[in-house]
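Down below is the structure, laid out as structure tokens.
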Amino acid sequence: MSFKKISKIPTKEEIINLLPLDNTLKNIKKKNDEEIKNILSSKSNKLLVIIGPCSADSEKSVCDYLDMLYKINEEVKEKLFIVPRIYTSKPRTTGDGYKGMIHQPNINNEPNMREGIIAIRKLDIKIIKEYGFAIADEMLYTSTYPFIEDLLSYVAIGARSVENQHHRLIASGIDCAVGMKNPMSGDISVMLNAINTAQKSHNFIYDGYEVDTTGNPFAHSILRGGIDLSGNNFSNYHYESLLNVEKLYSSLNLSNKAIIIDTNHSNSGKLFYKQPTIVKDVLNSMSKNNNIKNIVKGFMIESYIKEGNDPTGKTYGKSITDPCISIETTRELLLDLANNI
């Protein structure tokens, strides 16, 4: 029933001074930001694909995966804009299990959040420098987000956080695109209220300051399915669901209306291997209805070097948290997607 202080966390300024982003990399990041915004606002016909492991577990395995993803990207970049998932903090439903690199930069050692913050900032900078990729991460903790806010081109607000007022307000001041998931219940109105909030200006406390925000016109929805009162998964990516969300969206006075489909989680019923089938189903819906085609802007896919998962973290290139499709299946999926849009 108490807090035990372990170590003093450096300030945001101290961390950024330790690992700064130089002007060349800032320009790459800015260009990536604009590419994503152009897709979400229908200025680009590309589809956005946010893809990668459920959780980033080590610099080496993530970069080995990105070596492979980069080669695939060269084959599809005219049709798809690939944004790697570099998710460094993970929510845990029961509080147990691996919580991400920010907690454990080395899965074999005890948690060390000071070293974790340094490790994830170092990894993100390396990715921008060596691959030129945009980076997506989930804003799980509002207290640690400032340490990497200048590195991310896509920020996700998860199903457990989307109802939180502070997450919504911070989203209104973020410079890049923010995807808001529907909550675990699947309630679409909660997600749309979050987007509505994020697209407006606000006054609140952030990072030790009273701040005003301008509103974020690139806040949008991520459909991830839901869980009913009996604990059963249900999907919300099918034709009728997309039409319903599109109609609800249209009734709101928003700057941009965009949907990303999360192909795993409750949409797949936790059956990771269904992800390619879900992509095909959504593409079919897009081909049948222009309203759906105009509002669906891409996919969020869980993928790693090896398929499945290993909660022990002993299998190199296999997800510690949710199971993922393999890099071989990933290539097939992305080539098929690029060839059918």
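Quick note: the coordinates plus some simple rules give every number you see, no bench work behind them. Keep in mind it's a predicted model, so treat the numbers as computed, not measured. Glycine also receives a Cβ, built like all others from the backbone with ideal geometry; neighbour counts cover every protein chain displayed.
From a point 7 Å beyond the Cα of N289 in the direction of its Cβ, which residues of segment 143-186 have a backbone N at a distance under 16 Å? What the label zone holds, given the 16 Å backbone N cut-off, is no residue at all.
Here the convex hull built on the C-alpha positions of segment 267-308 has a volume of 72 cubic angstrom per residue. Shape class of segment 295-341 from the alpha-carbon gyration tensor: oblate, with a/c at 1.5 or above and b/c at least as large as a/b. Dipole of segment 12-339 computed with +1 at Lys/Arg Cβ and -1 at Asp/Glu Cβ about the Cα centre; of S161, L333, N284, farthest Cα towards the positive end is N284. Once divided by 2.2 N^0.38 Å, the Cα radius of gyration of segment 1-149 becomes 1.12. Fully extending the segment from R92 to K247 would add 52.5 nm, taking 0.36 nm per residue of separation and subtracting the current Cα-Cα distance. Local charge for E138 was computed over the other residues whose Cβ lies under 14 Å away, with Lys and Arg +1 and Asp and Glu -1, and equals +1.
Please give the net charge around N193, taking every other residue with its beta carbon less than 9 angstrom from that of N193, where Lys and Arg add +1 and Asp and Glu add -1. Every neighbour counted, the sum reads 0. Sparse packing (at most 16 other Cβ atoms within 10 Å of the Cβ) combined with a DSSP loop state is found for the following GluC sites (Glu not before Pro) in segment 2-90: E78. About the centre of its Cα atoms, segment 238-341 shows a dipole size close to 180 debye [charges on the beta carbon of Lys, Arg (+1) and Asp, Glu (-1) only; nearest 20 debye]. All other residues with a Cβ under 14 Å from the Cβ of G269 taken together, and with Lys, Arg as +1 and Asp, Glu as -1, what is their net charge? That sum, taken over residues with Cβ under 14 Å, equals -2.
DSSP bridge analysis restricted to segment 12-339 gives an antiparallel fraction near 20%, rounded to the nearest 5. If you wrap the Cα atoms of segment 245-331 in a convex hull and average its projected area over all directions, you get 6.8 nm². Simple point charges give the picture: +1 on the Cβ of Lys and Arg, -1 on the Cβ of Asp and Glu, and for segment 1-135 a dipole about the Cα centre of about 440 debye. Taking the Cα centre of segment 40-125 as the origin and placing charges on Cβ (Lys, Arg +1; Asp, Glu -1), which of V83, M101, L123 is farthest toward the positive end of the dipole? Of the candidates, V83 comes out farthest on the positive side.
Of the residues L66, N23, G231, the one whose Cα sits farthest toward the positive end of the charge dipole of the chain, with +1 on the Cβ of Lys and Arg and -1 on the Cβ of Asp and Glu, is G231. Computed over all pairs of different Cα atoms, the Kirkwood value for the hydrodynamic radius of the chain is 20.1 Å. Per-residue extension of 0.36 nm, minus the Cα-Cα distance of Q165 and N233, leaves a gain of 21.9 nm for this segment. The trypsin sites (Lys or Arg not before Pro) of segment 84-192 meeting both criteria, a DSSP state outside H, G, I, E and B (loop) and at most 12 other C-beta atoms within 10 angstrom of the site's C-beta, are R92. Taking 21 Å as the limit for the C-alpha separation, the pairs K200/K257; K122/K181; K29/K126; K79/K297 exceed it in the case of K122/K181.
Might you report the magnitude of the Cβ-based charge dipole of segment 127-269 about its Cα centre, with Lys and Arg at +1 and Asp and Glu at -1, to the nearest 20 debye?
With only Lys, Arg, Asp and Glu charged at Cβ, the dipole is about 320 debye.
For segment 183-322, the Kirkwood radius over C-alpha pairs fed into Stokes-Einstein at 25 °C and 0.890 mPa s yields D = 146 µm² per second.
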